[in-house]
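The values are calculated or read from the model by the stated rules, or taken from the named source; none is laboratory data. This is a predicted model, so every value here is computed, not measured. Note: ideal-geometry Cβ built from the backbone for every residue, glycine included; neighbour counts use all protein chains shown.
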Amino acid sequence: MINPERLYGTLTGKENIFVSDFFDDRTKNLLKTVNIPYGILIDKGLPTAINRILVPVDSLSDSVLLVYIHKFIQNSGVHITIWDLNDTIKSSLELKEAVRSIDHAAPNHIEVRYDETLGSTTELQSFELMLSSLATWKYLLQKNEEWLKDIPSALILKA
């Protein structure tokens, strides 16, 4: 059986009927109806002390995550690794400057990685938390769904 809402969404071009999604139907319905900023926490044994956070960046819309990065560093002194998936930071002067200003305010708490090899199992498991936008989360799922079992706890934000 096909859900009539999904069929309508497919016919109007808002939804793909054959896309496998990580979220269940109840969560997807909630995501469609909520019009305020929200976060989804995927808890895979989140420790009480978080020291290393991974932040994948896919597009300029991920610049909203810089506010959260700054707050994490300011309030708990964590080390942030920004994973620049598509050379977004490298090619955007504004993002590059924003990252540099965070690094200037809190030296040695932020680094930017441009390589594709960051997705290895051992390196992903060295982080306690992954902070991602919903759009980048979906991009990563489409790119390689296998890495999902190796990621740490994840906080997915929609602004």
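Being touching a Gly at 6+ places or on another chain (Cβ under 9 Å) and of a type in the set (A, V, I, L, M, F, W, C) is the filter; apply it to the range 60-118 and report the residue that is nearest to residue 155 (Cα to Cα).
Only one residue fits best here, namely 83.
For the range 83-94, does any single residue satisfy the condition of being under 21 Å from residue 59 (Cβ atoms), within 18 Å of the chain's Cα centre (by Cα) and among the small types (Gly, Ala, Ser)?
no
Quickly run through the range 22-40 and pick out the residues that are in contact (Cβ under 8 Å) with a residue 24 or more places away in the chain and surrounded by 12 or more Cβ atoms within 10 Å (Cβ to Cβ).
Selection gives 22, 31, 38, 39, 40.
It is to be established whether one or more residues within the range 106-129 are in contact (Cβ under 8 Å) with a residue 24 or more places away in the chain, farther than 19 Å from residue 60 by Cα and among the charged types (D, E, K, R).
Taking every residue of the range 106-129 in turn, at least one turns out to be in contact (Cβ under 8 Å) with a residue 24 or more places away in the chain, farther than 19 Å from residue 60 by Cα and among the charged types (D, E, K, R).
Would you confirm, using the coordinates I've provided, whether residue 157 is farther than 26 Å from residue 28 by Cα and of a type in the set (A, V, I, L, M)?
Considered against the rule, which asks whether it is farther than 26 Å from residue 28 by Cα and of a type in the set (A, V, I, L, M), residue 157 comes out as no.
Taking the residues in the range 50-71 that are in contact with an Asp or Glu (Cβ under 8 Å, 6 or more places away or on another chain) and in a loop (DSSP other than H, G, I, E, B) as candidates, determine which candidate is surrounded by the most Cβ atoms within 10 Å (Cβ to Cβ).
50
Say whether the condition of being small (Gly, Ala, Ser) and more than 11 Å from the chain's Cα centre (by Cα) is met by at least one residue in the range 109-119.
yes
Quick check on this structure: which one of 128, 123, 97 is modelled with pLDDT of 90 or more, of a type in the set (D, E, K, R) and farther than 26 Å from residue 31 by Cα?
On inspection, the qualifying residue turns out to be 97.
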